[in-house]
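The structure under discussion appears below in the form of structure tokens.
The values are calculated or read from the model by the stated rules, or taken from the named source; none is laboratory data. Given the structure is predicted, the values throughout are model-derived calculations rather than measurements. So basically every Cβ, Gly included, is an ideal-geometry build from the backbone, and we count neighbours across all protein chains shown. Heavy atoms of the whole protein, side chains included, go into the accessibility calculation; ligands, DNA and RNA do not. Shrake-Rupley method; radii C 1.70, N 1.55, O 1.52, S 1.80 Å.
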Amino acid sequence: MKQIELSAGTIEYTDTGGDGPALVLLHGMMMDASLWDGPIADLAADHRCIAPTLPLGAHRHVMHDDADLSLPGIARLVAEFTGRLGLQDFTLVGNDTGGALVQLLMCDGTAGVQRVVLASCEAFGNFPAGLTGKTLVLAGKLPPAVFGLFMHQLRVRAVRRLPIAFGWLTRRGDQATARWIQPVLTQPGIRRDTVRMLRAAAADPRLLAETAGRLPGFGQPALVVWAAGDRVMPPEHGRRLAGLLPQGQLTEVADSYTLLPLDQPARFAQIIRDFTRASAVTP
């Protein structure tokens, strides 16, 4: 992976390059850029795919002590990242907490964002989302060393598959989730970053409910893609988001939980491809 030094610290990222339409792909808590490996393998044929690993708990480089690891702070880090790469016309895509970051960036008028995709993500009052998010935030109250001991339970597949862990987030992605927990298990600095991030999330539970009131001001093309059987992100939230956005569209995907890039990578890639093509020719 490539690396870039930003104000908060070193960020790793995937960038396939090429002259096709640019996609910036954002992951959620306790995940890294590999969430997008499946769709990128498909989309890289005709898109430039850029996926940063953000400081959300599965990153491998410790952030600076003064880094703002609140959700708005990480959204500003994404804006800094896209600015440093010189991106001027791109589609911003977010899944899980990545979709929450996209909502914040939509409201902040981030330069270069021409269209967005919100994929089964936290919204309205569902933050932190579901049993997984609430369990993580509670665990984040622990000292970092004790938080690490708590997370060691996830080395066991049966524990990872519980609803309080990754069980309701993905049907097919256990191998990825096992990989994502390694940094927090092995690096004390990553445990400290993760606890800071979780405590910041707990301190601002109304963030996305307040952000929702500003979403109608985003006038660019917006696609909402939701797992029809999602048990963490209510499908009703997908319909509400699409209804709030002046150019909002909704697509539902069967046989998937929240993490569409893991459970339905080919289907999700085609949905994104169809959207970027259609919105590129829409006046």
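Kindly indicate which of Gly167, Gly99 is over 16 Å from the mean Cα position of the chain (by Cα), within 21 Å of Asp255 (Cβ to Cβ) and open to solvent by less than 20 Å² (accessible area, probe 1.4 Å). First the steps, then the outcome.
Working: Gly99 fails: over 16 Å from the mean Cα position of the chain (by Cα).
Selected residue: Gly167, the only one of Gly167, Gly99 that is over 16 Å from the mean Cα position of the chain (by Cα), within 21 Å of Asp255 (Cβ to Cβ) and open to solvent by less than 20 Å² (accessible area, probe 1.4 Å).
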Phe81 fails exactly one of the following numbered conditions: (1) surrounded by fewer than 24 Cβ atoms within 10 Å (Cβ to Cβ); (2) on the phi > 0 side of the Ramachandran plot. What is the number of that condition? (2)
Selection from region 22-54 of residues that are open to solvent by less than 10 Å² (accessible area, probe 1.4 Å) and assigned to a helix (DSSP H, G or I): Ala33, Leu35, Trp36, Pro39, Leu43
What about Gly57, is it small (Gly, Ala, Ser), open to solvent by less than 10 Å² (accessible area, probe 1.4 Å) and not in a loop (DSSP other than H, G, I, E, B)? no
Complete set of residues in region 102-128 that are of a type in the set (A, V, I, L, M, F, W, C), open to solvent by 10 Å² or more (accessible area, probe 1.4 Å) and farther than 17 Å from Asp204 by Cβ: Met106, Ala111, Val113
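Could you tell me whether Ala228 is under 24 Å from Phe166 (Cα atoms), of a type in the set (Gly, Ala, Ser) and surrounded by fewer than 20 Cβ atoms within 10 Å (Cβ to Cβ)?
Working: under 24 Å from Phe166 (Cα atoms): yes; of a type in the set (Gly, Ala, Ser): yes; surrounded by fewer than 20 Cβ atoms within 10 Å (Cβ to Cβ): yes.
The answer is yes for Ala228.
Considering each of Arg214, Arg157 in turn, give the residue that is in contact (Cβ under 8 Å) with a residue 12 or more places away in the chain, surrounded by fewer than 20 Cβ atoms within 10 Å (Cβ to Cβ) and under 26 Å from Leu104 (Cβ atoms).
On the way: Arg157 fails: under 26 Å from Leu104 (Cβ atoms).
The conditions single out Arg214.
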